[in-house]
Amino acid sequence: MAINTPDWVKDAIFYQIFPDRFAMSKRVTKLGLRLEPWESTPTSHGFKGGDLLGIVEHLDYLHELGINAIYLNPITASASNHRYHTYDYFHIDPLLGGDAAFRELLDAAHARGIRIVPDGVFNHASRGFWQFHHVLENGDGSPYVDWFYFHPDRLNRQKHWGTYPTEHEQRQLNSGASSYDAIGYRAWWNLPALPKFNTNTPAVREFLWSAAEHWIKFGADGWRLDVAAEIDDDSFWQEFRRRVRRANPEAYIVAEIWHESQRWLQGDQFDAVMNYLFTGAVIGWLVGEKMSDEVYKIGDYRKYLRPLKANEFADRIDYLLRLYDPSINFVQFNLLDSHDTPRFLTIANGDLTTLKLAYLLLFTYVGAPCIYYGDEIGLDGGPDPACRKSFPWDRNGWNRELLTYVKTLTALRKSQPALRGGTFHRLYADHNIYAFARKLGTQRVVVVMNASNSTHNVNIPVSGTGIPNGPITLLFGEGKARVSEGQIHGLKLAPRSGIVFKA
């Protein structure tokens, strides 16, 4: 099957925004609302009051940072600060400014060349979702009874009926009982607030496809799909893709799947996945033995996260690049952290040098890099909800040197087509030094990283890359070198540093 991915994603630099925590506009009324103080420690259920117009008012900051695409955590109406508890799929949450605010954000972002990709929650709804509520009120008499997976004894009220578990039911859930047995319906991860759709029901499929089409026609540039593998049905996602691409042939469809995803990346379902496999490899090499046990509990990291030496990391990268067609690799969604993980700086125990090395790799690797909001100014935070802090707009608290570093990398990626669309070639991996080349046409870019704590003088083999003898141009970092006899000679690497050359 021919694989057709959106060309613009190869050139994309994403920025992930958790809308409640990024910026608050005075144009979205908060009169009479009880909000947590912006600077206070985030909680699981409290709201800070960030909104879409707040993002509009800071688009210049994002443009200056060098990003040209935004991934938004869910924005449709929901009774949770993260908005993965959708109750209205066809309207933007009023706390975020409603549909008009999204219209303004799309128009203002597009005018600056910035694409917007919202989060789609199609596996499950919420207790407030109309069709689910209708069944709660009417039991087996509701016409929506097949939209979810209900236990018949609950539907006809032979057993307790309700979505807020009794103490006994909660103990059952805590002991490992399924939500279907304990409270009468299937829920995602057995969480009562998240009833799972029955996507075998034709009306449900049509409803979800229609919601996906609606926002693409409204102007969204694609979808990030929450827990996409939980809808274990290729035909559902194949039709989803047809509908979305019919509305916008350049729409980007990226799924949240933490593990190997060949099944979904054949060209008929998703363009890419959130590349946590890459993230795990980066953590394994650059943080290594210093990572806390807590990190292994995040997502699927326990399945593949482990400390890596440079040669093991290089082997892992080679393996990951062989998993998918090259056209998929070029649009993979590469990230260091997200709303579902501790921030990378915290995983790295506050070591800014490690974060910088990780950013250098992120911006020179194959696929679209993503910055999680606030990382670029040194925001830290452990597991949810600590990783979802409010953005501190008082610039006195920013790490300005880190921000400048990130801007330098976004500019570097934009200036070098080989870093966006070039093939990848491993050159060297030893003594905790890793080097690779990106090739596009006659352009050659070489990246060398020293993750050790020692200075190294190293020669990098480049035979077969087409790099001619003579001096090579420094693009990033500090140093000088020249090519002769198939090697880059005279390269001196400071501890925990990286360098980028162009031939």
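Would you pick out the residues in region 123-150 that are part of a loop (DSSP other than H, G, I, E, B) and without any contact (Cβ under 8 Å) to a residue 12 or more places away in the chain? Hits for region 123-150 are Ser142, Pro143. In this structure, does His168 turn out to be more than 22 Å from the chain's Cα centre (by Cα) and either surrounded by fewer than 17 Cβ atoms within 10 Å (Cβ to Cβ) or of a type in the set (Val, Ile, Thr) (or both)? Yes: the conditions hold for His168.
Here Leu321 fits the description: assigned to a helix (DSSP H, G or I), among the aliphatic types (A, V, I, L, M) and either surrounded by fewer than 16 Cβ atoms within 10 Å (Cβ to Cβ) or touching a residue at least 60 places away in the same chain (Cβ under 8 Å) (or both).
Tell me whether region 32-48 contains one or more residues that are at pLDDT 95 or above, open to solvent by less than 10 Å² (accessible area, probe 1.4 Å) and small (Gly, Ala, Ser). Within region 32-48 (the criterion being at pLDDT 95 or above, open to solvent by less than 10 Å² (accessible area, probe 1.4 Å) and small (Gly, Ala, Ser)), the answer is no, since none of the residues qualifies.
Screening Asn190 with (1) on the phi < 0 side of the Ramachandran plot; (2) in contact with a Ser or Thr (Cβ under 6 Å, 6 or more places away or on another chain) gives one miss only, at (1). Give me the residue from region 171-196 that is under 16 Å from His151 (Cα atoms) and among the aromatic types (Phe, Trp, Tyr) and, out of that set, surrounded by the most Cβ atoms within 10 Å (Cβ to Cβ). Result: Tyr185. The residues of region 75-93 that are of a type outside the set (S, T, N, Q), under 17 Å from Gln16 (Cβ atoms) and either modelled with pLDDT under 95 or surrounded by 23 or more Cβ atoms within 10 Å (Cβ to Cβ) (or both), listed by number, are Ile75, Arg83. Within region 280-295, the set of residues being out of contact with any Leu (no Cβ under 6 Å at 6 or more places or on another chain) and either outside any helix (DSSP H, G or I) or not hydrophobic (A, V, I, L, M, F, W, C) (or both) comprises Gly288, Glu289, Lys290, Met291, Ser292, Asp293, Glu294. Mind telling me which of the residues Phe132, Phe150 ends up being at pLDDT 95 or above, open to solvent by less than 50 Å² (accessible area, probe 1.4 Å) and more than 30 Å from Asp221 (Cα to Cα)? Checking each option against the conditions leaves just Phe150. When region 398-414 is filtered for residues that are open to solvent by 60 Å² or more (accessible area, probe 1.4 Å), of a type outside the set (D, E, K, R) and in contact (Cβ under 8 Å) with a residue 12 or more places away in the chain, only Thr408 remains.
Has region 271-278 got any residue that is in contact (Cβ under 8 Å) with a residue 12 or more places away in the chain, in a loop (DSSP other than H, G, I, E, B) and either of a type in the set (Lys, Arg) or open to solvent by 20 Å² or more (accessible area, probe 1.4 Å) (or both)? No, that holds for no residue. Scanning region 376-402 for residues that are within 26 Å of Leu277 (Cα to Cα) and either touching a strand residue (DSSP E or B) at 6+ places or on another chain (Cβ under 9 Å) or hydrophobic (A, V, I, L, M, F, W, C) (or both) returns Glu376, Ile377, Leu379, Ala386, Cys387, Leu402. Where helices (runs of 4 or more DSSP H) fall entirely within region 151-250, those with at least 3 residues that are out of contact with any Gly (no Cβ under 8 Å at 6 or more places or on another chain), under 21 Å from Phe90 (Cα atoms) and in contact (Cβ under 8 Å) with a residue 12 or more places away in the chain are at 202-218, 234-247. If you go through region 5-31 and keep only what is open to solvent by 10 Å² or more (accessible area, probe 1.4 Å) and either without any contact (Cβ under 8 Å) to a residue 24 or more places away in the chain or in contact with a helix residue (DSSP H, G or I) (Cβ under 8 Å, 6 or more places away or on another chain) (or both), you end up with Thr5, Lys10, Asp11, Met24, Lys26, Arg27, Val28, Thr29, Lys30, Leu31. Of the candidates Ser327, Ser292, Ser338, the single residue that is touching a helix residue (DSSP H, G or I) at 6+ places or on another chain (Cβ under 9 Å), of a type in the set (Gly, Ala, Ser) and surrounded by fewer than 18 Cβ atoms within 10 Å (Cβ to Cβ) is Ser292.
The single residue among Phe90, Phe47 that is under 30 Å from Phe197 (Cα atoms), in a loop (DSSP other than H, G, I, E, B) and over 21 Å from the mean Cα position of the chain (by Cα) turns out to be Phe47.
Here's a check for you: in region 107-129, which residue that is out of contact with any helix residue (DSSP H, G or I) (no Cβ under 7 Å at 6 or more places or on another chain) and either loosely packed, with under 14 Cβ neighbours inside 10 Å or among the aromatic types (Phe, Trp, Tyr) (or both) is nearest to Ile183 (Cα to Cα)? Taking the candidates together, the pick is Phe129. Residues in region 441-495 that are part of a strand (DSSP E or B), small (Gly, Ala, Ser) and farther than 23 Å from Gln416 by Cβ: Ser484 only.
All of (1) free of Cβ contacts under 8 Å to residues at least 60 places away in the same chain; (2) farther than 17 Å from Arg426 by Cβ; (3) buried (at least 24 other Cβ atoms within 10 Å of the Cβ) hold for Arg302 with one exception: (3).
The values are calculated or read from the model by the stated rules, or taken from the named source; none is laboratory data. Model, not experiment: these values are computed from the prediction. Don't worry about glycine lacking a Cβ; one is built from the backbone with ideal geometry, like all the others, and counts go over all protein chains shown. To get the accessible areas, we keep the full protein, side chains included, count just its heavy atoms, and leave off ligands, DNA and RNA. Shrake-Rupley method; radii C 1.70, N 1.55, O 1.52, S 1.80 Å.
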